[in-house]
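Q: One structure coming up, written as C-alpha cells, with questions to follow.
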C-alpha cells in the first residue's frame with residue numbers, strides 16, 4: 001500500500017528482526033542483513049588476511065556458517081557483533097591453514113633444492129607494512145586491524161572477540177611493538193633508491209577505512 005503524503009517513513013527493520021525472519025524461513029532476510037554489513041565485514045577480512053582472494057573466501061565461509069547457524073544466536077550481543085566474530089574466526093582459521101601449507105612448501109623446498117624458487121621469491125623481499133602485519137600472531141593482528149586500521153573502540157573490539165578490554169589493549173601494544181621493530185629493521189636494510197612509507201598503519205594500496213568510519217555508528 002503506497003504511503004500517504006505527509007506520513008512518516010517506515011523505520012528500518014532491525015538486524016535482530018531480520019535474523020529472526022531468516023530463522024522463520026524468510027528467504028530475503030539474510031541477504032538484506034549481509035548487504036547492510038558487507039562493507040565493514042569485508043574490510044575486516046581483507047585487512048586481517050592481506051589478500052583479497054583469501055578475504056573473499058573467508059568472508060564467504062563465514063556467511064555460510066552464519067546462515068546455517070543463525071538459530072543458535074542467543075541475542076546476548078548485537079547481531080553485527082555476532083557476524084564480526086564469525087568473520088574473525090573464519091579469517092583466523094584461514095591464517096592457520098595458510099601457515100601449515102607454507103610450512104609444508106618450505107620443507108619440500110629444502111628437500112628439493114632448486115624447485116619452487118619462483119613461488120618462494122617473496123621470502124627474500126624487504127618487509128612492508130602488510131608483510132609485517134602478516135607476521136604477527138593472529139590474535140594481535142586481528143586487534144590491530146580493528147583498533148588501528150578500522151578505528152573501533154577497545155570496548156567494542158573486546159565484545160567482538162569475546163575478551164576483556166585489557167586483553168585487547170595488551171595485544172595491541174605487543175603487536176605494535178613487534179611491527180615497529182620489524183619495520184625499523186626493514187628500513188635499515190632497504191637500498192637508498194627504494195621508497196615507501198613504513199610508518200603508515202595502513203597496508204599499501206588500501207584506503208583509510210578508519211577515516212571513512214568516523215562519524216558513523218558501528
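A short reminder: the numbers here are calculations on the coordinates, not readings from a lab. Bear in mind that the values here come from a model prediction, so they are computed numbers and not experimental data. As a convention, Cβ positions derive from the backbone with ideal geometry for all residues, glycine included, and neighbour counts pool all protein chains shown.
Q: Among 20, 77, 69, what is the fewest-to-most ranking by other Cβ atoms within 10 Å? Numbers along the way, then the final one.
A: Numbers: 20 17, 77 14, 69 11.
Ranked by crowding around the Cβ, least crowded first: 69, 77, 20.
Q: Continuing with the same structure: Want the number for residue 99 to residue 71: 0.36 nm per residue separation, take away the alpha-carbon distance, what's left?
A: Additional length available on full extension: 6.8 nm.
Q: For a label point 7 Å from the Cα of residue 32 along Cα→C-beta, name the residues of region 47-83 whose backbone N is under 19 Å from it.
A: Residues 67-68, 70-71, 79-81, 83 qualify, since their backbone N sits under 19 Å from the label point.
Q: Right, here's the next one. What ranking do 78-85, 148-155, 41-48 get when scored by the average of other Cβ atoms within 10 Å per residue, highest first? Before the final figure, lay out each step's value.
A: On the way: 78-85: 20.0, 148-155: 17.2, 41-48: 23.2.
In descending order of packing, they fall as 41-48, 78-85, 148-155.
Q: Kindly put 86, 23 in sequence by how many other C-beta atoms sit within 10 Å of each C-beta, fewest to most. Kindly include the intermediate steps, with their values, before the conclusion.
A: Details: 86 19, 23 14.
Placing the least packed residue first, the sequence is 23, 86.
Q: Can I ask one more? May I ask you to sort 147, 87 by Cβ crowding, counting other Cβ atoms within 10 Å and putting the fewest first?
A: 147, 87
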